[in-house]
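The next block holds one structure in the form of structure tokens; read it before the comments.
The values are calculated or read from the model by the stated rules, or taken from the named source; none is laboratory data. What you see is a predicted model; the values in this text were computed from it and never measured. Counting neighbours? That spans all protein chains shown, and the Cβs are built from the backbone with ideal geometry, glycine included.
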Ligand code: NAD
Ligand code: WQD
């Protein structure tokens, strides 16, 4: 069935890949984004991939008037809420900026969607909400104890949505806890385009490969992992995007809250990623070992079984595709959009 979906943050990395899949499934999509961490160029790329039009509202989710107008512009069936800030270090330095953008912004959005009679929301949560639980595989029923400001903003929004769902059961919620998104659309037309020096591993490796950075610093080679470097559950952004479509289908048919991990369940080490990327791009990635980064854990990965049983969803793309698709995007767009 064709639905009309409002996608906040739809010009961003994960949002843009999800919008492509929504359009491919014949949904009508409106992106609401303030472009604080993305480029309007994305819209044209999405249209090139899909041959379909996407509506745009340039607005901030904290701006109540604009959000209200957005809900007046069309009767939406659901909201997918990606808009937010996500840099862990920046959150520590500017906590109020993060609480304002992520928490206040989500509250305004939620109030206005309910006011407009829109009763389904899929929210971008994060594995960060688990904190440091003392085990490496994360199941959804672990206690949430985030260890940084960014993670706490995600937990608060999860609580806000769960509490509102309890009080107003007509609100249907999906909280998707992403692990480490990597990769790009196989066309090479959209991908991750960080501002400045990348915080995350994969975009840093890609920029070394394309000659924009000299070498990667690998933060720590003395972790209790097989090769001593950190291990993460990297998940292809195309798999993450398909998880959102599965969540929308779930909300159309179920009124119980959906709270699931989106990961592969198979962690890779930093060195394994570096070596796989080297194979994909046909050159060695220069690196040096550096001290551990504050706040990093040795290893964590998803238990993805609940998402599989509730949604029939599993991640399909492996490490080779993660690296090949990132490389295609990076080499075709060395300076991003
Ligand atoms: P991104 O920065 O590429 O996309 C976020 C988009 O939201 C950007 O287009 C940005 O301009 C927009 N935005 C930010 N604040 C806004 C506001 N106040 N009003 C309107 N638009 C606003 O990030 P992403 O990697 O695509 O992440 C999407 C969501 O997923 C975020 O909520 C993030 O916290 C969450 N998440 C990301 C990761 C990750 O590693 N990429 C992991 C777990 C969760
Ligand atoms: C992965 C591994 C680093 C960069 C972060 C957020 C998390 C989520 C995803 C939003 C670690 C190592 C990295 C580099 C390195 N985002 N590394 N050199 O820290 O697992 O997760 O992004 O929700 O909240 O914390 O991802 O890509 O930064 O790091 O050695 O230059 O790569 O130490 O072991 P992380 P990452």
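For every residue, the table says whether it meets (1) at pLDDT below 95; (2) within 21 Å of the chain's Cα centre (by Cα); (3) closer than 30 Å to residue 131 by Cβ.
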residue: 12; (1), (2), (3): no, yes, yes
residue: 25; (1), (2), (3): no, yes, no
residue: 31; (1), (2), (3): no, yes, no
residue: 35; (1), (2), (3): no, yes, no
residue: 48; (1), (2), (3): no, no, no
residue: 56; (1), (2), (3): no, yes, no
residue: 60; (1), (2), (3): no, yes, yes
residue: 86; (1), (2), (3): no, yes, yes
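Residue 43 satisfies every condition listed in (1) within 13 Å of ligand 1 (Cβ to nearest atom); (2) outside any helix (DSSP H, G or I); (3) surrounded by fewer than 22 Cβ atoms within 10 Å (Cβ to Cβ) except (2).
Within the range 192-222, being under 20 Å from residue 128 (Cα atoms) and touching a strand residue (DSSP E or B) at 6+ places or on another chain (Cβ under 7 Å) holds for 202, 219. Among residues of the range 89-120 being touching a residue at least 60 places away in the same chain (Cβ under 8 Å) and not in a helix (DSSP H, G or I), the one that is farthest from ligand 2 (Cβ to nearest atom) is 118. Does residue 82 satisfy the condition of being within 26 Å of residue 128 (Cα to Cα), surrounded by 15 or more Cβ atoms within 10 Å (Cβ to Cβ) and under 20 Å from the mean Cα position of the chain (by Cα)? Yes, satisfied. Looking only at the range 156-168, decide whether some residue is over 17 Å from the mean Cα position of the chain (by Cα), surrounded by fewer than 17 Cβ atoms within 10 Å (Cβ to Cβ), touching a residue at least 60 places away in the same chain (Cβ under 8 Å) and assigned to a helix (DSSP H, G or I). Yes, that holds for at least one residue. Selection within the range 63-79: residues that are buried (at least 18 other Cβ atoms within 10 Å of the Cβ) and touching a helix residue (DSSP H, G or I) at 6+ places or on another chain (Cβ under 7 Å). The member of this set that is farthest from residue 245 (Cα to Cα) is 67.
Taking every residue in the range 16-40 that is more than 12 Å from residue 57 (Cβ to Cβ) and in contact (Cβ under 8 Å) with a residue 60 or more places away in the chain and pairing it with any residue that is within 16 Å of ligand 2 (Cβ to nearest atom) and assigned to a loop (DSSP other than H, G, I, E, B), at least 6 positions away or on another chain, the pairs with Cβ-Cβ distances below 6 Å are 38/12.
In summary, residue 221 fulfils each of the numbered conditions (1) assigned to a loop (DSSP other than H, G, I, E, B); (2) surrounded by 21 or more Cβ atoms within 10 Å (Cβ to Cβ); (3) within 10 Å of ligand 2 (Cβ to nearest atom) with the single exception of condition (2). Is one or more of the residues making up the range 224-232 touching a strand residue (DSSP E or B) at 6+ places or on another chain (Cβ under 6 Å), within 14 Å of ligand 1 (Cβ to nearest atom) and at pLDDT 95 or above? Yes, the conditions are met somewhere in the range 224-232.
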